[in-house]
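Worksheet for the structure shown next.
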Amino acid sequence: MSAVQPLPTDDAGRPLFELPDELAIDTDVARRVISGFIQGQLRQAGFERCVLALSGGIDSALVAYLVAEAIGADRLLCVMLPYRTSSPASRSDAETVIADLGCAGELVDISPMVDGYFGSNGAAGSGGEAVSEASAIRRGNFMARMRMSVIYDRSVTFGGLVVGTGNKTESLIGYTTVFGDNACAFNPIGDLYKSQVRQVAAAMGVPRQIIAKAPSADLWPDQTDEGEGAFSYPVLDRVLYWRIDRRRETDELVAMGFDRGLVERVERLVATSEFKRQVPPVAKLGPRTAGVDYLYPRRRPGSARS
C-alpha cells in the first residue's frame, strides 16, 4: 500500500484542512475502487452516461472528477442549479470544475420553481398562506427536492444515471434531504467521511479554493454546515469513525477524550435519522415481495434497454 500523500497547503504553507490520523486513507486505492464501482453500476443498469447536480462544493466536485476519471468527461453532464440567493462564488467554482474537466455543463435557475410555491416579494405562491412563513429549513428542503426533480428530468434527455454526491458523515447524522440531495441511482462517495472527501479531492486535483472553503449547502446567505450544525467536521468524523466503524461504546469514547455531550448528541442524530438511510418498508402480504424476497441484480435477463 502506498504512503498517504502530504496535505496541500495555502500560500502561507499551512494545510488546507485537518485530516485526523485514523481517517487517512490510501487515495490511489480509493480511486481504483470507486472507478470500478462507477463502471460496474453503469454496466449493471445498462447505461453509459452520468448526470449530477454540481453545486460548487467539494462533494459534488469530487464526484464529477471521479466520474470523469472512470468513464470519461464526454459522458458526464453537470447541472448547476442555483437559487436567487445562492452565493455567486458557488456558481463560479462549479464553472471552474466544468471547464477543468471539459464535460458538458448546464445552468437551471430554480428560483421560479421555489418562489412559485412559497411566493416572493409579498406575493403569495401556490402554497398559499400555509407556506408564507416557512422556515429556512423548510425552504432548503424544498430547494433540494426541486434540484433533484430537474436532475432526474435531465437524466432522461441526456440518457444518464443520476450520481449521488452525499458523503458518509452527512448520511450518518441525517444531514440530508429525503428525495432531495440523497436521491440517486448510486453514490461513489457514500463511504467516505468528510475528512476523507477532502483528502481524495486533493489527490485528484480538485481546485484548491473548493477544498479550502467552508462546506455549505448554500441554503441561505452565509450558511455553513458546521455553523448550522454546531460541529467541527474533523471532530465529528472521529466520533463517527470510532462509534460506527470501530464499534466503541460511549464510555470508551469519553475515556479517549471525547466530550460526553457531543458523543451522545451524535448517537441521537445517527439513531433518529436511520429512516433516511433505508428503503421504505413494505407491508408483506404475498409470497414474494418486491424489495424483500423478490430481489434481482439491476441488469437481469430481459432487462436490456432499447
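Structure above, values below:
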| read-out | value |
| --- | --- |
| Label point distance in nm, E133-F179, each placed 7 Å from Cα along Cα→Cβ | 2.6 |
| Mean Cβ count within 10 Å, highest first, over the residues of peptides 158-165, 51-58, 80-87 | 51-58, 158-165, 80-87 |
| Segment 104-146-segment 42-90 distance, computed between alpha-carbon centres (Å) | 23 |
| Protection proxy ranking of 7-19, 36-48, 145-157 - average other beta-carbon atoms within 10 Å, highest first | 145-157, 36-48, 7-19 |
| Cα→Cβ-extended label distance, 7 Å offset, between T85 and A290, nm | 3.8 |
| Dimensionless Rg over Rh [the chain; C-alpha; Kirkwood] | 0.97 |
| Förster radius 22 Å - calculated FRET efficiency between T272 and I244, Cβ distance, rounded to 0.05 | 0.90 |
| Net dipole in debye of segment 21-277 [+1 Lys, Arg Cβ; -1 Asp, Glu Cβ; about Cα centre; nearest 20] | 380 |
| Relative contact order (percent, whole number), the chain, Cα cutoff 8 Å, 6+ residue spacing | 20 |
| Cα-based Rg and Dmax for segment 116-173, where Dmax is the largest Cα-Cα distance (Å) | 15.2, 40 |
| Efficiency of FRET from Cβ geometry, F37 and T9, R₀ 35 Å, rounded to 0.05 | 0.70 |
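The numbers here are math on the coordinates, done by the rules we state, and not lab data. Since this is a predicted model, take the numbers as computed values, not measurements. Positions of Cβ are generated from backbone atoms using ideal geometry, with glycine treated the same way; all protein chains shown enter the neighbour counts.
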